[in-house]
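For reference, the structure is listed below as structure tokens.
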Amino acid sequence: MTHTLFRNSFLGCLLTLVLLTACRGDKDKDRPEPGKPPVTGTARPIGNTTGAKIEKQIGPEGGTIGSGEGDIVVTIPAGALDAPTTISLQPIENTNVGGVASAYRLTPHGQTFKKPISITFSYETIELLVQHVSTLGIAFQDDKGVWQYVPKPNINTANKTVTVTSTHFSDWTLMLWMYLTPYFADLEVNATQTFKAVRVVPVIDEDGLVPLVPPGGTTVPVGDVYPLETKYIKRWELIGKGTLTADGAQAVYKAPGTVLPDFDVVALHLNLKSAAVQLLSKIRVSGSSVQYRIDGGEWQIRPAELLGGNTNMGVIHATDIGPEFTLQFTNTLGDRTYTDDEFFSLMDETLGFTYRSFRVIVWEGRFSQGSINITSLKDANGYLLGTFTVLDAGKFPNTGGPNKSTHKIEGKFRVKHK
């Protein structure tokens, strides 16, 4: 997010924020307390345009206009306009601290309508960022630069859309008003990560935790990122291999000392009056690792290291106790077939055989079909990424001689440069 939640995509472990039912005191106790963030918003910069403008002329008969990707659709009913008007929408930078995906500028700016129009955002393409649909909403930026959340949006979980009505144009965005941050953590073994429960609008426990509309207002001003009040928090819980140390609205997760093939789960139980709600987040504990499977069998995930990552030739080795895994390749992007210099090998000394990207047919040696594909030489986190497939790997006895059979081996790797 500008804080916007979705910047940097994804996958290794699951994190759940659960809002449970509990009996609480009277409503006044849920309102902002002295010294707490007031029910006011924070002015944000006006977002710059990031894409092409889409225009359509709509008259008194009404009509619709939407982005090509279907992220936003504006529906103008008959009678909302007195005369044909050029309506446009354009993607812009999202400066809402709770915003997800692109914001959109609807013009003519300040255009008002005689009947309410509908503004619909789709959350289908960013669904993984949505920790619970009840925290979704839509906001517009007012003439003071403050984003204003529109209460009680219509959330259609079947179509994965959020809709509000309005009588004016401005800059609009889909947003989350409460969330767990970060929504995704990619951790090395033994690493730590602090998770925080936060909100960007004042909230009240009123048939569920909802944004608090200020007295005399019709919208909720979006402020800064605040910790969720501890009075709503009951306990944190960890279901998984790591450890979790909780302190109010945050908890520190420590990854285990081994790569995890499955997700860990963390749950934050809250004291609320209504039914349970879950906010979902993810943790991946993989670090430098290689995964592979033989003949469509169970995936094996093993810690690995990269040797020669900054030279012409790279080699990936598994670093745990087990079959000796080796993948050698030239350090260039893209696919390459198997050769003497670019090869796969998996030697099992216990069982006495080795899989190789090579096989013998009628005493004639041939390189296996398949390839090694380097998709990133060094991503933003310093990892070499790629996949490999050996369609007919020879299975050779370690004592010597030709392969006895051939097998399909497929895998992927994510190893960090030293």
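The values are calculated or read from the model by the stated rules, or taken from the named source; none is laboratory data. Note that this is a predicted model, so its numbers are computed, not measured. Neighbour counts are summed over all protein chains in view; Cβ atoms, including those assigned to glycine, are modelled from backbone coordinates with ideal geometry.
Points to keep in mind about this one:
- Filter result for the condition that a residue is over 30 Å from Asp379 (Cβ atoms) and either without any contact (Cβ under 8 Å) to a residue 60 or more places away in the chain or assigned by TED's automatic domain parsing to the domain that holds Glu69 (or both), over Thr107, Thr95: Thr107
- Residues located in segment 39-60, provided they are among the small types (Gly, Ala, Ser) and touching a residue at least 40 places away in the same chain (Cβ under 8 Å): Gly41, Ala43, Gly47, Gly51
- Residue within segment 351-373 that is touching a Pro at 6+ places or on another chain (Cβ under 6 Å) and charged (D, E, K, R) present: no
- Qualifying residue in segment 113-121 (condition: at pLDDT below 95 and either outside any strand (DSSP E or B) or among the polar types (S, T, N, Q) (or both)): no
- Members of segment 308-324 that are in a strand (DSSP E or B) and touching a residue at least 60 places away in the same chain (Cβ under 8 Å): Gly314, Ile316
- Across segment 281-314, the qualifying residues are those that are charged (D, E, K, R) and modelled with pLDDT of 85 or more, and the one among them that is surrounded by the most Cβ atoms within 10 Å (Cβ to Cβ) is Arg302.
- Scanning segment 355-364 for residues that are surrounded by 15 or more Cβ atoms within 10 Å (Cβ to Cβ) and either more than 17 Å from Ser405 (Cβ to Cβ) or of a type in the set (Asp, Glu) (or both) turns up nothing.
- Residue within segment 114-121 that is more than 19 Å from Ile58 (Cβ to Cβ), buried (at least 21 other Cβ atoms within 10 Å of the Cβ) and in contact (Cβ under 8 Å) with a residue 12 or more places away in the chain present: yes
- Residues in segment 140-170 that are without any contact (Cβ under 8 Å) to a residue 60 or more places away in the chain and in contact with a Pro (Cβ under 7 Å, 6 or more places away or on another chain) were compared, and the one that is nearest to Ser288 (Cα to Cα) is Val162.
- Scanning segment 52-67 for residues that are exposed (fewer than 14 other Cβ atoms within 10 Å of the Cβ) and not in a loop (DSSP other than H, G, I, E, B) gives Glu55, Gln57.
- Restricting the search to strands (runs of 3 or more DSSP E) fully inside segment 325-418 and requiring at least 3 residues that are closer than 21 Å to Pro303 by Cβ and either in contact with a Leu (Cβ under 8 Å, 6 or more places away or on another chain) or in contact (Cβ under 8 Å) with a residue 12 or more places away in the chain (or both) gives 343-348, 370-376, 383-397, 405-416.
- Counted residues, segment 315-325 - those being surrounded by 17 or more Cβ atoms within 10 Å (Cβ to Cβ) and among the hydroxyl-bearing types (Ser, Thr, Tyr): 0
- Of the residues making up segment 246-278, just one is closer than 17 Å to Ala185 by Cβ, at pLDDT 90 or above and out of contact with any Ser or Thr (no Cβ under 9 Å at 6 or more places or on another chain), namely Ala246.
- Residue list for segment 365-383, restricted to those being exposed (fewer than 14 other Cβ atoms within 10 Å of the Cβ) and under 14 Å from Phe396 (Cα atoms): Gly365, Arg366
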